[in-house]
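**Student:** I have a structure here, written as structure tokens, and I will follow up with some questions on it.
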Amino acid sequence: RRVLLLGEGNFSFAAALCGAQGTHVVATCYESEEEAAGRGGAARSIRRLRDSGAEVVFSVDCTKLKEHFLPGKREFDRIYFNFPHCGRKAGVVKNRQLLAGFFHSCAQVLAQEGEIHVALCNGQGGTPADQPRREWHNSWQVVALAAGAGFILSRVHPFEAETIDGYKCTGYRSQDKSFCVEGALNHIFTRSTAPLCFTPMSCQTQLGSQKVSFQVPQVLVDKFNRGFLEVNSSHPVRTIKEKLSAGLSQAFPLQNLSSCLPLLHQGHPGGVCHSNIFWITPSPGEAPSTENVSQGLADAVLCSHFGQDTDENGQEGCPIPKQFYLRPSLLPHAQAIIKKRAFSPGALQVLCGPVFRKCRITPHSTPVFHEMLVVLAVSRGAENSCVQMLVDSIETTMNSLHQGASGVKPSISLQDATSFGAELNDFAAFEGQLGEIQHFLCAGTDAEPSGSCVGVIRTAPDELKSHELVVVSASLNLDLLAMLLCGISDWRMLWTSDRRFLRQFPEGELRLFKSFSLYPPSYVHDVSFWVPDGEEFDEVAFHTLARRVSGETVVSIQLRDNFQQPGTGRRSLCYRVTFQSCDRALGCREAAEMQLHFREEIQQHLGVTLR
């Protein structure tokens, strides 16, 4: 591997590396050879480097690396810059400028899988790894500067000068004097994946005997056709689905019905807030005729999902063809199975697939997630014992899974819907719109006993019940379970395109996730506007626009002020928008551009007047 060392003072660090097998060292400094050789011990280190076959280059500007190396010798596997400094009494601003230029220069000469090692004195980096930690404005803000050039901080460890044979730091205020490196840290940066390019995407789905094409909503473009549940997938969501299915099959006969479930539903989802739905318009020339749609939807089990529509005579029946929308739940398919009596008593029917819901921005609110829905028909009077068997099977499987994933043992508890004390998360709140819930499935840990809702249990509504049987269904959010078991704090990480995520789960093995992007910088912007007179402000639409414009890099939206102007009654809202990526580099300039675009979009689509 080719290793580039920058800003060497006396070349003692480079000399310590030059004997490493399989490593070609290129050691450089900013000064001329004459100036560098005058430092104590430098001449001896330079001779040692040259004798070992290393290259020694002088007068190298770390902000213009491309100019110093021929095209065939520009790619380095590792770049070291120990204790960068502009010299003399340069303050934090000048040193930030130096680092910014350095990182941009590295982008031109670093190998795709290469690393940048930057050693800084205690407190300079401005990350939580510094102890004590400086205030942000007084630090070198190293992670944000690297992000501006497309790099993320992947590891931090102490810079242990005493373990480096012959190393002696020098250059204090541009003099041949040492400086304190106690508590110094080595920051290791890697390339980030490129920003997502949200090119329009068309999707085709089967409605009965017809195929319908539609434009995928831009906010979901990077989440369609990801194949997390496919046979060859090693994604933790699929692993949990397979393990849960295997665990449930120990207690119940099991039948998998997940294939060919349509993505689109039609009509109006009764009981569900329309602002939570992704409405779809079929591509021109692709919309099925009224007659074909009605029959096709009936065949595809998509009529009368969450409640009956009525025809012009007020008679209940199949919805009159109106609008299409992405499925927000698999429950309609389960209800269709129940209606057709297409099940065997005591057998467990399993449906799995992604579902889509507009929602507010929080760490656990997902506009798309993988739902696992199980349906069980039991004899009347036996439903309570069967529900408990279902919960016990889930908890047993979860306990076996946690052993390989983490040291935090999850506990699954069944809480009655009427006495549920914990605050509902968005998943549970939306499930409540779909129909009456008997029990909530909550997953907690020793640190957080109350836990979070990861599933709900229902019995079929009265019109779907029979005299002999009661049908019980359980809906599980596989994404939330994956986050719990693997210690993933941000749902967006499940959808990252960075290969370093899936590499941590070889052959479907569950492990405790280790983030490859540490201490990502955040950028805070405020937006204030007048809302249209007499209209209720749609906050879900506001959050959805933020998701789309930012490519899911908005991590928080908080209402800061709600002001009503005396006399006119006009209402003004002020929101604080925080941009932060969990998996890729996000620089301050990119975040500022997103904020400007966001302002334009809310003005255009929500009819607000910016202040």
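**Student:** For region 510-525, state whether one or more residues are open to solvent by less than 50 Å² (accessible area, probe 1.4 Å), at positive phi and outside any strand (DSSP E or B).
**Tutor:** No, there is no match, as no residue in region 510-525 is open to solvent by less than 50 Å² (accessible area, probe 1.4 Å), at positive phi and outside any strand (DSSP E or B).
**Student:** Scan region 528-546 residue by residue and report those that are assigned to a helix (DSSP H, G or I), farther than 10 Å from K358 by Cα and open to solvent by less than 10 Å² (accessible area, probe 1.4 Å).
**Tutor:** Those that are assigned to a helix (DSSP H, G or I), farther than 10 Å from K358 by Cα and open to solvent by less than 10 Å² (accessible area, probe 1.4 Å): F542, A546.
**Student:** Taking region 200-225 on its own, how many of its residues are open to solvent by 30 Å² or more (accessible area, probe 1.4 Å) and among the basic types (K, R)?
**Tutor:** Here the count works out to 1.
**Student:** Restrict the check to region 30-37 and report whether at least one residue is closer than 15 Å to T170 by Cα and either outside the structural domain of R74 (by the TED database) or under 42 Å from the mean Cα position of the chain (by Cα) (or both).
**Tutor:** Yes, the conditions are met somewhere in region 30-37.
**Student:** To continue, here is another question. For S59, only one of the following conditions fails: (1) out of contact with any helix residue (DSSP H, G or I) (no Cβ under 7 Å at 6 or more places or on another chain); (2) without any contact (Cβ under 8 Å) to a residue 12 or more places away in the chain. What is its number?
**Tutor:** S59 satisfies all of (1) out of contact with any helix residue (DSSP H, G or I) (no Cβ under 7 Å at 6 or more places or on another chain); (2) without any contact (Cβ under 8 Å) to a residue 12 or more places away in the chain except (2).
Table: residues versus (1) surrounded by fewer than 19 Cβ atoms within 10 Å (Cβ to Cβ); (2) farther than 24 Å from A146 by Cα; (3) at pLDDT 95 or above.
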| site | (1), (2), (3) |
| --- | --- |
| R560 | yes, yes, yes |
| R584 | no, no, yes |
| H597 | yes, no, yes |
| V608 | no, yes, yes |
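**Student:** Report yes if P71 is open to solvent by 20 Å² or more (accessible area, probe 1.4 Å) and either under 30 Å from S139 (Cα atoms) or of a type outside the set (S, T, Y) (or both), otherwise no.
**Tutor:** So P71 passes the test.
**Student:** Can you pull out every residue in region 17-36 that is assigned to a helix (DSSP H, G or I) and crowded, with 17+ Cβ neighbours inside 10 Å?
**Tutor:** L17, A36
**Student:** Still on this structure: If you go through region 243-254 one residue at a time, do you hit one that is at pLDDT 50 or above, open to solvent by less than 30 Å² (accessible area, probe 1.4 Å) and of a type in the set (K, R)?
**Tutor:** no
**Student:** Select from region 341-378 the residues that are among the polar types (S, T, N, Q) and in contact with a helix residue (DSSP H, G or I) (Cβ under 9 Å, 6 or more places away or on another chain) and write down the one among them that is farthest from L545 (Cα to Cα).
**Tutor:** So the residue we want is Q349.
**Student:** Return the residues of region 108-141 that are under 26 Å from the mean Cα position of the chain (by Cα), over 23 Å from L17 (Cβ atoms) and either open to solvent by 10 Å² or more (accessible area, probe 1.4 Å) or not assigned by the TED database to the domain that holds I79 (or both); say none if nothing qualifies.
**Tutor:** Correct list: P128, A129, W136, Q141.
The values are calculated or read from the model by the stated rules, or taken from the named source; none is laboratory data. Note that the structure is predicted; figures quoted are calculated from it, not measured. Note: ideal-geometry Cβ built from the backbone for every residue, glycine included; neighbour counts use all protein chains shown. The area values use the complete protein model at the heavy-atom level, side chains included, leaving out ligands, DNA and RNA. Shrake-Rupley method; radii C 1.70, N 1.55, O 1.52, S 1.80 Å.
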